[in-house]
Structure formats: C-alpha cells, structure tokens
1. Consider only pairs whose beta carbons are under 7 Å apart and that are at least six residues apart or on different chains; among these, list those whose first residue lies in region 340-369 and is assigned to a loop (DSSP other than H, G, I, E, B) and whose second residue is of a type in the set (Phe, Trp, Tyr).
2. Of 265, 253, 217, 280, which residue is within 21 Å of residue 120 (Cβ to Cβ) and of a type in the set (D, E, K, R)?
3. Can you tell me which residues in region 160-184 are closer than 14 Å to residue 138 by Cβ and outside any loop (DSSP other than H, G, I, E, B)?
4. Just to be sure, is residue 222 away from the ligand (no atom under 13 Å from the Cβ), over 30 Å from residue 322 (Cα atoms) and of a type outside the set (D, E, K, R)?
5. How many of the residues in region 42-76 are touching a helix residue (DSSP H, G or I) at 6+ places or on another chain (Cβ under 8 Å) and either over 18 Å from residue 394 (Cα atoms) or charged (D, E, K, R) (or both)?
6. Restricting attention to region 378-388, does a residue exist that is modelled with pLDDT under 95, assigned to a helix (DSSP H, G or I), under 24 Å from the mean Cα position of the chain (by Cα) and surrounded by fewer than 19 Cβ atoms within 10 Å (Cβ to Cβ)?
7. Quick check: anything in region 81-89 within 18 Å of residue 304 (Cβ to Cβ), of a type outside the set (D, E, K, R) and assigned to a helix (DSSP H, G or I)?
8. Report, by residue number, each residue of region 299-318 that is out of contact with any Phe, Trp or Tyr (no Cβ under 9 Å at 6 or more places or on another chain) and either surrounded by fewer than 15 Cβ atoms within 10 Å (Cβ to Cβ) or within 13 Å of residue 247 (Cβ to Cβ) (or both).
Amino acid sequence: MSIQTKLFDQSKNLVPGGVHSPVRSFKGLNQTPIFFKSAKGAYFKDVEDKEYIDFCMSFGPLILGHKNEQVEKKLKEALSRGWSYGACEPYSLDLAKLLTDKIPHIEQIRFVNSGTEAVMTALRLARGYTGKNKIIKFNGCYHGHVDSMLIKAGSGLAGTSESSSAGVPSGVSEDTLILELNDLNKVEQCFEEHKGQIAAIIIEPLPANNGLLIQDKEFLESLRTITKDNDALLIFDEVISGLRVAFGGMAEKLGITPDIVTYGKVIGGGLPVGAIASTKKIMSSLAPLGDVYQAGTLSANPLAMVGGFETLKNLDKNFYETLDEYTSKIVKIFEKWLKEFDGGKFSNLKISSFGSLFWICSKENLKSADKIPANLGEDFKELFDTLISKGIYLAPNGYEVGFVSIAHDLQVQEDLEKRLWD
Ligand SMILES: *Cc1c(COP(=O)(O)O)cnc(C)c1O
C-alpha cells in the first residue's frame, strides 16, 4: 500500500470522507487524494517526494506562489511578536489602508476569517440596510457554504428554489431567488414579481467556481441599473476575482461600482482572511455603530493581516501585466498540447481564460451554468490522470478553474512544456 493510500485510510477514519473540504476528496476521479508536505514557488511536493507544478495554488490565494521569501520573513517577525490579542492592533490598519486607498469604491472594510463569513455578513448587511429579505442569486455562482446560498433552482414551478444541501430548511430557501446568468429578462421579471421585497442581487462578477463563465459587461451594467432603480443593493462577490484580475477586481476592470464587495482568497495571501467592504454609509449599519450584528474572535488576526499586507503590496499594474502574460503563455502551451498529444486524444478540449484564471472544457465562451456539457467530469478524469503522471497538478475537479501565480515564470513555463511532452 502506498504512503498516500495509507494516509487517506487513516484520514477517513478520523475525518468524514478523509477531507476537511469536499473538493479535496478526488471524488469521481481514478485515484485517492495526494497528500502534500511542502512547497516553494510554482511547485509543491507530495509525501513521496514527487514534485508537481501547481495550478491550483490553494484555490487562488497564493498569487505570489508558494512560500514567497519576503512574506515568509515578515510572517516570522510577526510570529515572534505574538499571534492573537482579541483586541485592537496596528497591523490590520496597514491592510485596511492599502485596500481603501487603492480601491476607489470602498471607503470602509471589515476583516473576517473566510469568504463564506464575508458573504454571510454581506447578506445580513444588505437585508439590515434595506429592510428587505429576498436575495437574487445566480445558478452556477458559488458564495461559500452560507445556508441561504446553498440553494438551487426548484424542479417545480419556474422561479421556485430549493436547498441544494440537507440541513437547510425551506424557510431559508424561500428568500433566495435563483436565476440563470446572462438572462436579463428573468431579472426584470423577478423584480416585477417581488416588487419592494428584494434586498440585493449577489453575483460573482467573474463566475469562476463552476467553470469560468465570463459575463458580458452589458449584463453586469444592467444589474447595476436595475438594482438602483429598485432600491436594492448590488453585491459583487469578488472572493476569487478581487485582487486577482486587478487590484480592484472586476469592479475596477469593468468600471462598475457595486454597493458591497466581498473578498477572500488572495486578500490573505494564503492565510485565513475574508473581508466585506462598502461605503461608510452602508458599513455604519454594522455593530457596534449600527444594528446589524457581526463579530469574530480571531478576526483581523495579526499574523493573517501581515500575510495579506505583505502579499498585496506587490500587486501593482506591472505585476498584473506580467501575471496575465504568463497566463496567456501557459494557456498556449496547454492548448497546443491538448490538440496534438497522443494522436489528438484530448483535442476536443479547449481553454477559456481571463486574467490569471483558466478553465479546460469541451465548450468555449459559456456564459451560464446550464450550458456546461454533462460529460465534463468524464473528460476531466482522464486529463487529470495524465497530467498527474507528468507532475502537473490541477484542482481535482473539472468544474474548478486553474490559477497562475507570479512564480509561474519563464523557467516554469519551459518546464511545463517539457513535462507535457515527456
Ligand atoms: C471561495 C469562494 C467563497 C468561499 O470562501 P471560503 O474562504 O472558502 O469560505 C465565496 N465566494 C466565492 C466567489 C469564492 O470563490
């Protein structure tokens, strides 16, 4: 029995399904999860000393690559000072100031510990601020494991919804209205049908959790207009896109100003940080100023704040240009290989890409989740196995996107080419 299978067996005994997050389970794949022990730059190593080029990057946070030296140095210094006070500290000010200075549409921010927590707070804030209950969510957008976001379109009447997880009561799903992406008519109808009851639309402005479903700018602009017209808020969930496609995320990229933004992933540079941000007016509804309660024992943890700040301070215009250039080179390398490898075995697969994200699927330019081919999992299984054997790691699920970091430089790109064709 390999070390990997032994560890997984032990883990299955201790932890449900052997994993602490279901997407790590390699469900639907031919192999059991790989256990990793160390990492540097664009590479990580499993417990059997096999090295992989990592295109998952902890599902996005590691925009500088693994174990960046400068971040490591500052984290060690932070560690030597102490790692939790449960009181005010100066380190979160650096991060808050950097973010509010560089992102014009946010005046205030509050740090939490995960993207899920950020979304949960954003929804409560939107409801508290508007005094309304209903939230529009789009099929195929992931907003963390918040009860009211674990909702899918109902199988019965059009516009109905039901929970997509056991343990979410129907009372919770009633206030979530599910629509398809890229269908403005449905959004208009929904506002008509639920007049005066919709607190907010929440959307990933770059949906990247269920394939990469790049939206038309016009669709997002229309959401901005219709929310304004109906006294509802527009929440951009930029947990993936924020600080990754540009410092100010898709809002900056498209010049669309949401009312509330949620951040996660890159914002902590690999340490647990999430955040919600908005105008002073909206943020003052949060406790202790306002009557929307929110709190956190470990919020703005001093280590995590330093990890985030030391990561984000590198992200200037040049940085994003280089990162996007690396990504298009990597996409080209993969595309050529997919077309030609083993007599065209993977030639049905194509790559969609935006900024430093890419997604492999048999269809391109998809804008809504209902168009994703049903055999995606089957296509992916074989591709994943082949890449693993070559020491190339993608997130272990065909619906997940690939992430490129600034450590995926020319040398790594050459190595990728070599590994692919070997
Ligand atoms: C990852 C993600 C979340 C959840 O964040 P966690 O830190 O995993 O709780 C929420 N929204 C989006 C858009 C995400 O990509």
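1. Final answer for the pair search is 356/403.
2. None of the other options fit; the residue is 265.
3. 161, 176, 177, 178, 179, 184
4. yes
5. Matching residues across region 42-76 total 7.
6. Within region 378-388 (the criterion being modelled with pLDDT under 95, assigned to a helix (DSSP H, G or I), under 24 Å from the mean Cα position of the chain (by Cα) and surrounded by fewer than 19 Cβ atoms within 10 Å (Cβ to Cβ)), the answer is yes, since at least one residue qualifies.
7. no
8. Passing the criteria: 311, 313, 314, 318.
The values are calculated or read from the model by the stated rules, or taken from the named source; none is laboratory data. As the structure is a computational prediction, the values presented were derived from the model and not from experiment. Because the Cβ atoms are built from the backbone with ideal geometry, glycine has one as well, and the counts that use them run over all protein chains shown.
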